[in-house]
Amino acid sequence: MSYNAYGLSRVIPSDIKRVVRQKCGFGCVVCGLGIVQYEHVDPEFKDAREHDPNAIALLCPQCHAKVTTGMWSKARVKLAMRSPKCLQQGYSREFFDIVDDHPSLQFGGMLLRNCPTPIEVGGHPLFSIKPPEFEGELFRFSGLFTDSDGHVTLSIEDNEWKAAKRSWDVEVKGNSITIREKARKIHLILKVNPPKEIIVDRLDMALAGLRFEANGDFLRVHFPDGGVSEFTSCIVDNCMVGISF
Ligand SMILES: [Zn+2]
């Protein structure tokens with residue numbers, strides 16, 4: 001662990017990081033990409049006496065490198081902090097890497113393999129996996145997630161994910177995206193294991209009068225009439241799960 005001349009640790013406390021994410025709309029303040037690093041802008045870390053969330057920006061690795069190499073000025077970042085890209089456009093974004101022969105979807109306790117439309121809800125695809133459009137390109141995963149109020153939190157179209165700025169918190173760490181509706185209420189943990197696995201590890205989602213609840217090994221679907229279907233260690237191959245109500 002390193003410290004500056006004022007004894008301030010380089011490690012930013014997690015609650016400060018969350019405030020920075022919220023202020024920046026969960027992505028790079030300049031370009032909106034969702035893979036980010038934390039940069040002390042004004043004052044710079046060497047001159048900082050505290051981790052002030054108003055002085056820290058989210059930057060993607062490329063924009064960050066342009067600042068640290070001197071190609072871009074700190075003034076540019078400060079300008080972007082006043083009107084972060086993700087707050088302007090309403091979302092942060094990035095791409096999944098899905099190369100393999102037909103990727104699989106682990107949806108709580110349900111493993112779906114070789115399924116072009118793994119799950120339909122009320123006749124509409126909740127997820128779809130299309131083959132590459134041209135040779136040498138990627139499989140194309142699409143889908144969407146909604147919070148417990150039914151608002152879209154994460155939409156995915158042909159591997160490009162967009163995390164809505166309305167969420168309380170969106171945190172991208174390693175290969176997982178965690179979205180929280182409020183403190184201690186996880187709405188979604190989505191993991192990708194390139195090149196072949198997409199994993200919905202945790203989910204609490206309301207859609208079309210249904211509630212989807214996934215946690216590790218199980219998937220529960222709660223129906224409007226009070227009925228519940230639970231799936232554990234369920235493998236679906238070359239097929240589709242249709243949920244009607
Ligand atoms: Zn950027």
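The values are calculated or read from the model by the stated rules, or taken from the named source; none is laboratory data. These numbers were taken from a predicted model, which means no experiment stands behind them. Cβ atoms come from the backbone with ideal geometry, glycine included; neighbour counts cover every protein chain shown. Quick note on the areas: whole protein, heavy atoms, side chains included, nothing else; ligands and nucleic acids left out. Shrake-Rupley method; radii C 1.70, N 1.55, O 1.52, S 1.80 Å.
Here each label is just a point 7 Å from Cα along the line to Cβ, and for Phe223 and Lys185 those points are 2.7 nm apart. Normalised radius of gyration (Cα atoms, divided by 2.2 N^0.38 Å) for the stretch 96-243: 0.99. Placing a label point 7 Å from the Cα of Gln37 along the Cα-to-Cβ line, no residue of the stretch 1-21 has its backbone N under 11 Å from it. Close amide-amide hydrogen proximity is noted between Leu126 and Ile119, Glu120, Val121, each under 5 Å apart and 5 or more residues distant or on a separate chain (H modeled in the peptide plane; Pro and chain starts excluded). Each residue of the stretch 172-189 was assigned a 3J(HN,Hα) from its phi angle through the Karplus curve 6.51 cos²θ - 1.76 cosθ + 1.60 (θ = phi - 60°); the sequence is 9, 10, x, 9, 10, 10, 10, 10, 10, 7, 7, 4, 6, 10, 7, 8, 8, 10 Hz, with glycine and proline shown as x. Spacing of the modelled spin labels on Glu160 and Phe95, each 7 Å from Cα toward Cβ, amounts to 1.0 nm. Between Gln22 and Ser176, the simple label model (points 7 Å from Cα in the Cβ direction) yields a spacing of 2.2 nm.
When a 1.4 Å probe is rolled over the protein heavy atoms, the share of accessible surface on the chain that falls to carbon and sulfur comes to 49 percent. Here is the link list: Lys17/Lys191; Lys78/Lys162; Lys46/Lys78. Which ones come out longer than 19 Å on Cα distance? Going by Cα-Cα distance, Lys17/Lys191; Lys78/Lys162 fall outside the 19 Å limit.
DSSP finds beta bridges in the chain, and of those with both partners inside it, around 85 percent are antiparallel. Tabulate in residue order the Karplus-calculated ³J(HN,Hα) for the stretch 231-245, using 6.51 cos²θ - 1.76 cosθ + 1.60 with θ = phi - 60°, rounded to whole Hz; enter x for Gly and Pro. Ordered by residue, 3J(HN,Hα) equals 10, 9, 6, 9, 10, 10, 10, 6, 8, 8, 9, x, 10, 10, 8 Hz. In the stretch 1-64, Rg over Rh equals 0.96, where Rg is the alpha-carbon radius of gyration and Rh the Kirkwood radius from pairwise Cα distances. For Gln37, nonlocal amide neighbours, meaning residues 5 or more places apart or on other chains whose placed amide H falls under 5 Å from its own, are Leu59, Cys60. Note on Arg113 and Ser148: with the Förster distance fixed at 30 Å, the Cβ-Cβ geometry gives a FRET efficiency of about 0.55. Accessible surface for the stretch 96-243, divided over its residues, is 48 Å² per residue with a 1.4 Å probe.
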